[in-house]
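Report on one structure; see the data block that follows.
The values are calculated or read from the model by the stated rules, or taken from the named source; none is laboratory data. Model, not experiment: these values are computed from the prediction. Virtual Cβ from ideal backbone geometry, glycine too; neighbours counted across all protein chains shown.
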Amino acid sequence: MAAPSYDIDWQLTSDLDDFMDRAGDFLRADPVLHTVLLTVTGNLRMRGRHVYGAGEPLFGTLSVRGEVVGAFLWTPPFPVQLTFVPAEAAAALAERLADRTADVPGVAAEQATADAFGVAWQKRTGAVPRVGLRQRLYRLEKLTPPEPVPPGRARVAGEGDRELLKRWHTEFSEAVGDGPGMDAGEWADSRLAYGGVTLWETPDGTPVSMAGATRRIAGMVRVAPVYTPRALRGRGYAGAATAEVSRAALAAGADEVLLFTDLANPTSNGLYQRIGYRPVQDSLVCLFTAATAAV
């Protein structure tokens, strides 16, 4: 690997305010690409340091000649969330984190950045990187509601839907392979506090799909999660719910409406493009599996 043309200066901290003082301007300069870090830090500030799990969060910034050019956060037990940085900087971060702990479960970043981190992590710890999820970030260009709209209507979930939201959150997490993290009840309460889930219900009032939305941060809202129980899929419910939650975000003043998809799911990728979402960037969730000794 060629030597970098600048000194790699990763500054790590467990202090959220210190991190945002350093990284805030950098993250807000491109809120679309930095949507996850902005959303997670916003939730940590509003809901507390352990909203994503019992582990202690860790943050860091990469500076070049005093200017922040990259950032990461880690909320155990989730993978490290890392902005785009050059390969040598990603490798240097892996080294720094390996000095602290061998418990990092993975990294989520633009593919070249994730690959460089994973290679360095394996060299240092022996843990084998594997692809957990390939994602695509979309932004809403012009909302085009699906036609025909399925029978029924959209409504914002209320307190009476709490048990349903808990169950669907658990089912969604299992379907996408999420590990342990935010408690389902904690998630439901956090979304109900600001009307953060829209349900599509049939004419008899039965909820059949949900589309969530994050709070507006730096002018953007991210649609997540979108979930329809398996037995009810293929009827247009998810598209209708997503279109409605997207419309509501725009009506409430969002400058950007975003969402992530699993690239292995052509149905959802096609659906979101039909209702007006356009690709921004692909990313990779790389998971680390501890090496096993030969028998």
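So which residues in the range 47-61 are among the hydrophobic types (A, V, I, L, M, F, W, C) and modelled with pLDDT under 90? Passing the criteria: Val51, Ala54. Residue under question is Leu82, and the condition is that it be surrounded by fewer than 20 Cβ atoms within 10 Å (Cβ to Cβ), on the phi < 0 side of the Ramachandran plot and in contact with a helix residue (DSSP H, G or I) (Cβ under 7 Å, 6 or more places away or on another chain); does it hold? Against the criterion (surrounded by fewer than 20 Cβ atoms within 10 Å (Cβ to Cβ), on the phi < 0 side of the Ramachandran plot and in contact with a helix residue (DSSP H, G or I) (Cβ under 7 Å, 6 or more places away or on another chain)), Leu82 does not qualify. Scanning the range 130-155 for residues that are among the aliphatic types (A, V, I, L, M) and either surrounded by fewer than 17 Cβ atoms within 10 Å (Cβ to Cβ) or farther than 26 Å from Tyr194 by Cα (or both) returns Val131, Leu133, Leu143, Val149. Among the residues of the range 269-284, those that are within 18 Å of Gly132 (Cβ to Cβ) and surrounded by 19 or more Cβ atoms within 10 Å (Cβ to Cβ) comprise Ser283, Leu284.
Taken over the range 227-244, the residue count meeting the criterion of being without any contact (Cβ under 8 Å) to a residue 60 or more places away in the chain and either basic (Lys, Arg) or surrounded by 24 or more Cβ atoms within 10 Å (Cβ to Cβ) (or both) is 4. Considering the range 131-187 alone, what residues qualify as being modelled with pLDDT under 95 and of a type in the set (Gly, Ala, Ser)? Gly132, Ser173, Ala175, Gly177, Gly179, Gly181, Ala184, Gly185, listed by residue number.
How about the range 97-118: which of its residues are farther than 21 Å from Leu27 by Cα, of a type in the set (D, E, K, R) and either crowded, with 17+ Cβ neighbours inside 10 Å or touching a Cys at 6+ places or on another chain (Cβ under 8 Å) (or both)?
First pass over the range 97-118, keeping only residues farther than 21 Å from Leu27 by Cα: 97-106, 115-116, 118.
Pick out the ones that are also of a type in the set (D, E, K, R) and you get 99-100, 103, 115.
Asp115 - this is the single residue of the range 97-118 that is farther than 21 Å from Leu27 by Cα, of a type in the set (D, E, K, R) and either crowded, with 17+ Cβ neighbours inside 10 Å or touching a Cys at 6+ places or on another chain (Cβ under 8 Å) (or both).
Conditions (1) without any contact (Cβ under 8 Å) to a residue 24 or more places away in the chain; (2) within 30 Å of Ala102 (Cα to Cα), marked per residue:
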residue: Arg124; (1), (2): no, yes
residue: Tyr138; (1), (2): no, no
residue: Glu141; (1), (2): no, no
residue: Ala154; (1), (2): no, no
residue: Gly158; (1), (2): no, no
residue: Thr170; (1), (2): yes, yes
residue: Val176; (1), (2): no, yes
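When you go through Val131, Val208 one by one, which is the residue that is under 18 Å from the mean Cα position of the chain (by Cα) and either touching a residue at least 40 places away in the same chain (Cβ under 8 Å) or part of a strand (DSSP E or B) (or both)? Exactly one of Val131, Val208 is under 18 Å from the mean Cα position of the chain (by Cα) and either touching a residue at least 40 places away in the same chain (Cβ under 8 Å) or part of a strand (DSSP E or B) (or both), namely Val131. Among the residues here, Val107 does not qualify as touching a strand residue (DSSP E or B) at 6+ places or on another chain (Cβ under 8 Å), in a loop (DSSP other than H, G, I, E, B) and not hydroxyl-bearing (Ser, Thr, Tyr). Answer yes if at least one residue in the range 47-60 is assigned to a helix (DSSP H, G or I) and closer than 30 Å to Ala188 by Cβ, and no otherwise. Yes, that holds for at least one residue. Taken over the range 187-205, residues that are in contact (Cβ under 8 Å) with a residue 24 or more places away in the chain and either part of a helix (DSSP H, G or I) or surrounded by 24 or more Cβ atoms within 10 Å (Cβ to Cβ) (or both) amount to 9. On the given criteria, is Phe117 part of a loop (DSSP other than H, G, I, E, B) and either under 30 Å from Ala238 (Cβ atoms) or in contact (Cβ under 8 Å) with a residue 24 or more places away in the chain (or both)? Here the answer is no, as Phe117 does not meet what is asked.
Before we move on, is Leu33 part of a loop (DSSP other than H, G, I, E, B), aliphatic (A, V, I, L, M) and out of contact with any Asp or Glu (no Cβ under 7 Å at 6 or more places or on another chain)?
Details: part of a loop (DSSP other than H, G, I, E, B): yes; aliphatic (A, V, I, L, M): yes; out of contact with any Asp or Glu (no Cβ under 7 Å at 6 or more places or on another chain): yes.
Considered against the rule, which asks whether it is part of a loop (DSSP other than H, G, I, E, B), aliphatic (A, V, I, L, M) and out of contact with any Asp or Glu (no Cβ under 7 Å at 6 or more places or on another chain), Leu33 comes out as yes.
Here Phe26 clears all of (1) out of contact with any strand residue (DSSP E or B) (no Cβ under 8 Å at 6 or more places or on another chain); (2) under 25 Å from Ala87 (Cα atoms) except the condition numbered (1). Collect the residues in the range 103-126 that are small (Gly, Ala, Ser) and farther than 17 Å from Pro76 by Cα, keeping them in residue-number order. Residues satisfying the conditions are Ala112, Ala114, Ala116, Gly118, Ala120, Gly126.
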